[in-house]
Amino acid sequence: MSEEKKIEEVKLSKELVLEKLKEVVDPEIGIDVVNLGLIYEVDIKPDNTVYVKMTMTTPGCPLTMWLLKAVEEKVLEIPGVKDAEIELTFDPPWTPERISEEYKKKLGLI
């Protein structure tokens with residue numbers, strides 16, 4: 001099977017997008033944006049534009065622009081994605097409760 005054929009068979013899904021976004025690690029905290037709980041919503045539109053609603057740990061996060069750009073770039077790396085729309089929100093505000101169970105254990109939070 002050719003490489004081109006394999007790419008065509010990759011079905012865009014929320015799970016695929018979230019898996020790719022685990023490659024974006026917050027350099028201050030050392031946890032990826034998915035396990036940190038920064039991704040609130042992922043939607044794949046009919047034209048293969050991927051919409052991501054996300055937040056930061058604090059409204060004044062100095063890495064906001066860097067993280068938004070990194071998320072956009074990772075989404076655009078996924079075969080078949082036409083475009084990426086990244087929305088920043090602080091509603092609801094992020095709290096440590098949003099961290100995945102796996103990372104809460106690693107961090108000693110539970």
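The values are calculated or read from the model by the stated rules, or taken from the named source; none is laboratory data. A quick note: this is a predicted structure, and the numbers were derived from the prediction, not measured. As a convention, Cβ positions derive from the backbone with ideal geometry for all residues, glycine included, and neighbour counts pool all protein chains shown. These area figures cover heavy atoms from the full protein model, side chains too; ligands, DNA and RNA do not enter into them. Shrake-Rupley method; radii C 1.70, N 1.55, O 1.52, S 1.80 Å.
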* Hey, of [x] -0.57, -0.79, -0.86, -1.11; [y] -0.62, -0.79, -0.85, -1.07; [z] -0.44, -0.65, -0.73, -1.04, which did the structure itself give for log10 I(q)/I(0) by the Debye sum over Cα atoms at q = 0.12, 0.15, 0.16, 0.20 Å⁻¹ when calculated? -> [z]
* Specify which residue in the list THR64, PRO92, TYR103 is farthest towards the positive end of the charge dipole of segment 16-110, using unit charges on the beta carbon of Lys, Arg (+1) and Asp, Glu (-1), about the Cα centre. => TYR103
* Per residue, what accessible area does the chain have, given a 1.4 Å probe and all protein chains present, in Å²? -> 61
* Asked: With charges only on Cβ, +1 for K and R and -1 for D and E, what is the dipole size of the chain about its Cα centre, in debye, rounded to 20?
  -> 280
* Surface share of carbon and sulfur [accessible, 1.4 angstrom probe, percent] for the chain -> 53
* **Backbone HN-Hα couplings from phi across segment 100-105 [Karplus 6.51/-1.76/1.60, Hz, Gly and Pro as x]** => 4, 4, 4, 7, 4, 5
* Computed E for LYS45/LYS104 - FRET, C-beta separation, R0 35 angstrom, nearest 0.05 -> 0.60
* Asked: Considering the dipole of the chain built from charges on the beta carbon (Lys and Arg +1, Asp and Glu -1) around the Cα centre, which of THR55, ASN35, VAL81 is farthest to its positive end?
  -> ASN35
